[in-house]
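What follows is a single structure, written as structure tokens, with notes after it.
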């Protein structure tokens with residue numbers, strides 16, 4: 001029986017006397033592929049940060065793998081790919097290898113020494129993501145797409161059960177984007193990794209996601225993508241044209257093909 | 001006189017040994033500090049030490065021990081700097097400026113209230129690498145052990161935090177605590193090492209070797225090793241150079257550090273021109 | 001937000017603003033959040049209050065209320081002048097010392113308080129223009145035209161600095177040595193020569209007398225008495241240093257004892273030049289150590305009020321014992337309280353010199 005990986009109940013968040021999130025409730029079961037969509041400033045990133053315990057919600061509660069968020073300690077189970085690096089120092093002297101290895105820290109107890117098994121895991125993921133040839137390059141020297149792959153490698157090297165990605169494909173070219181989604185899809189289907197993907201790219205949601213969450217300070221819609229496209233309520237809410245745009249968004253490179261394969 | 005004869009003097013031996021130890025630990029800390037934009041924390045904390053010493057004198061501490069008495073004040077100030085960056089939403093450099101100004105002002109006001117220092121305070125606060133006593137050499141060795149062991153222990157956490165603090169937190173790393181460890185180590189270094197070799201040298205050794213290593217970095221671990229190497233080289237070469245040219249040792253060491261930086265920078269530029277890659 | 005902590009209405013604004021901030025977030029805050037917010041607020045208030053208190057307290061530090069008297073108000077810069085004026089003027093003058101106890105004169109910076117004190121004085125006495133470059137600033141700041149300014153060095157013999165800091169028995173060629181001379185190159189420590197001290201006493205007496213002619217005889221009488229004490233001290237020095245094992249002494253501080261060495265036929269090497277700020281070079285340290293060894297000196301001297309780093313290093317390398325040679329620029333608080341005077345300090349210097357030079 002699929003178990004609840006994430007439970008968000010009544011979460012609210014204020015910032016400078018304005019509601020950024022209000023009364024957000026949803027749950028994610030293991031094996032789900034959840035897409036979170038919403039306009040800019042809708043609080044999506046804040047929601048993610050709240051789930052990860054990086055900010056404390058002002059109202060409501062969050063449960064991860066059955067444990068309330070403040071008491072949760074098995075961070076090894078969660079892999080995170082942020083929208084952008086906070087202190088992105090373009091000259092940070094870390095090699096690809098060193099940074100990917102960072103992903104294994106969560107699974108270790110202090111003092112987190114490096115073992116041979118770590119090296120093997122890192123090696124495997126480098127090959128898998130196709131970044132083995134650049135393993136000795138500094139992260140600052142890489143292109144956006146390469147950096148994204150390195151960060152993704154870092155997020156998955158520990159074999160997480162839940163993968164959270166915040167707008168991961170904005171800086172990628174279409175081909176890289178396709179590979180990216182193919183990889184996620186693979187993880188989700190074969191390894192049963194739960195995926196939560198925050199994105200503007202509704203086409204990919206339509207193609208891969210099993211669940212679809214539309215957030216605009218509150219949960220506007222929670223269900224499958226198909227349900228969304230057929231819902232009269234959503235038509236009323238968005239207007240036919242907008243709903244049409246979301247549901248039949250074409251990838252510019254693939255004309256004439258839409259809807260789940 | 002030749003160098004061989006020079007080495008037989010006790011003060012030269014101690015200068016070389018203590019200098020090497022202090023250079024190494026400063027360089028290591030410096031890499032983390034520079035990357036986190038806390039470069040001037042050495043300078044800032046030295047100013048705070050001034051205020052801390054004023055407090056100590058007000059409490060009638062013996063002049064020779066005022067440096068030690070200033071340690072708690074400096075430790076607290078370093079944590080205060082950290083708190084400011086977290087809560088008041090300002091960057092490290094401004095936070096350092098605030099705390100440092102506060103320290104100096106307190107020192108000046110308290111001095112005035114106390115009716116003046118009883119001795120020339122700066123001669124007790126600021127040391128000189130050529131006048132390190134045997135006890136001070138032990139202090140340098142102890143400090144070296146504390147810093148190196150702590151950094152080795154916390155290496156992965158420190159690396160994670162320096163790369164991206166939020167990512168580190170999402171891995172369950174207690175960023176606040178690790179940051180605290182870093183600044184507390186720095187505070188300890190500043191107070192103790194300042195008494196040994198003076199503030200100019202400490203400030204320079206915290207910043208320049210790290211920046212030099214960053215010019216030619218090929219990885220985080222190698223950066224740290226390179227910084228330590230530069231620092232040790234500058235100390236040893238600086239001391240000998242100061243002897244040959246009859247110049248103050250501290251100044252010579254700092255100059256050699258700058259020279260190494262220029263060399264590293266030029267090296268990087270020529271390498272890039274050759275490869276045609278982006279800077 | 002800039003806080004003018006002296007304005008209580010603005011303080012109230014700050015606190016009120018913070019209350020609003022809390023109220024806005026106060027919808028259903030979990031208890032932990034409430035406690036934390038409260039704690040933060042308390043911390044901020046305490047910090048602001050603390051800062052305000054410090055400022056107000058320092059501002060309110062009153063100077064001792066000096067009752068208005070008809071005594072002559074004299075301000076002196078360095079301790080020897082202070083001591084001389086004490087001895088000459090006695091109960092008929094109110095003398096004060098600009099330099100607080102324990103402060104190194106070469107690094108002294110006058111405060112607004114000091115300028116006010118000079119402004120209120122009748123007589124201002126300084127050592128010589130080389131010793132107190134900051135005296136000119138004070139006088140400019142005080143701006144009184146009827147203040148009598150006494151240059152105590154009028155008529156005293158000035159020697160150039162650094163002449164004694166070479167190899168013993170050799171006249172030093174200035175170009176050979178590395179010196180950090182002040183531009184003038186003169187040794188300002190004139191009070192360490194007793195004949196100079198006597199001249200200074202005369203100048204002081206003349207100054208006091210000119211401002212307070214009624215007590216002219218009093219001042220002159222005291223001056224003569226004091227000068228005979230100085231003469232006796234001079235005699236003791238001459239006798240005490242007549243038969244010594246060595247006539248060279250090495251001092252780990254800055255160059256101050258040229259006059260003393262000159263008067264009693266001693267040779268003197270100092271680690272630093274006149275300014276106390278110079279950093280030692282390895283070469284200099286080695287040279288000093290070698291000189292100690294080549295002359296088999298068993299004692300090395302260090303100065304007052306400053307950490308004796310250099311002397312310690314030299315002592316360690318040569319196995320010498322450290323003795324203090326007090327430059328009498330200024331005294332520590334303890335010494336001041338114990339009633340130290342120029343005569344007692346110089347007496348102590350004589351003892352240490354006799355020990356250090358191994359005199360019979």
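Bear in mind that the values in this text are calculations on the coordinates, not laboratory data. Computed from a predicted structure; not experimentally measured. FYI the Cβ positions are ideal-geometry reconstructions off the backbone, even for glycines, and counts take in every protein chain you see.
Structure summary
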| read-out | value |
| --- | --- |
| Kirkwood hydrodynamic radius (C-alpha pairs) into Stokes-Einstein, the stretch B:151-279, 25 °C and 0.890 mPa s, D in µm²/s | 149 |
| Spatial separation of Cα centroids for the stretch A:1-37 and the stretch A:57-113, in angstrom | 19 |
| Residue-span extension gain [residue C:148 to residue C:216] - 0.36 nm each, minus C-alpha spacing | 22.9 nm |
| Residues residue C:50 and residue A:244, FRET efficiency given R0 of 51 Å [Cβ-Cβ distance, rounded to 0.05] | 0.20 |
| Degrees, to the nearest 10: A:174-190 long Cα axis against longest axis of chain A | 90 |
| Spatial separation of Cα centroids for the stretch B:16-93 and the stretch C:285-360, in angstrom | 34 |
| Residue-averaged beta-carbon neighbours from other chains (10 angstrom radius) around A:57-65 | 2 |
| Theoretical FRET efficiency, 1/(1+(r/R0)^6), r = Cβ-Cβ of residue C:134 and residue C:206, R0 22 Å, to 0.05 | 0.35 |
| Relative contact order (%) - criterion: Cα under 8 Å, at least six apart; region: the stretch B:3-199 | 34 |
| Isotropic mean projected area of the C-alpha convex hull, the stretch B:3-199 (nm²) | 12.0 |
| Estimated distance in nm for a label pair at residue A:123 and residue B:263, the labels positioned 7 Å out from Cα along Cα-to-Cβ | 3.7 |
| Value of relative contact order over chain A, rounded to a whole percent, pairs C-alpha under 8 Å and six or more apart | 25 |
| Residues in the stretch A:175-216 that a label on residue A:30 would reach, taking backbone N under 18 Å of a point 7 Å out along Cα→Cβ | A:187-196 |
| Taking the stretch B:167-274 and dividing mean pair separation by its residue count, relative contact order in percent (alpha carbons under 8 Å, at least six apart) | 25 |
| Per-residue mean of C-beta atoms belonging to partner chains within 10 Å, peptide B:219-225 | 4 |
| Per-peptide average of other Cβ atoms within 10 Å, ordering B:29-40, C:212-223, B:152-163 highest first | B:29-40, B:152-163, C:212-223 |
| Cα centroid separation, the stretch B:225-279 to the stretch B:152-168 (Å) | 28 |
| Estimated distance in nm for a label pair at residue A:171 and residue C:294, the labels positioned 7 Å out from Cα along Cα-to-Cβ | 6.8 |
| Shielding by partners, peptide B:98-107 (average Cβ within 10 angstrom, other chains) | 1 |
| Cα-projected label distance for residue A:110 with residue B:153, points at 7 Å along beta-carbon direction, nm | 0.8 |
| Tail beyond 55 Å, pair distance distribution of the protein assembly as shown (Cα, percent) | 33 |
| Globularity ratio of the stretch A:4-247, using Cα Rg and 2.2 N^0.38 Å | 1.03 |
| Helix-derived mean residue ellipticity, 222 nm - over chain B, DSSP H n ≥ 4, -39500 (n - 2.57), to 500 | -27500 deg cm²/dmol |
| Using a Förster distance of 22 Å, the FRET efficiency for residue A:9-residue C:38 (Cβ separation, nearest 0.05) | 0.25 |
| Packing-based ranking, highest mean first, of C:146-157, A:96-107 given that Cβ atoms within 10 Å are counted | A:96-107, C:146-157 |
| Among A:54, A:213, A:162, residue whose mean-square fluctuation peaks in a GNM of chain A (springs only between Cα atoms under 10 Å) | A:54 |
| Computed [θ] at 222 nm, helices only, for chain A once each DSSP H run of length n ≥ 4 contributes -39500 (n - 2.57) | -9500 deg cm²/dmol |
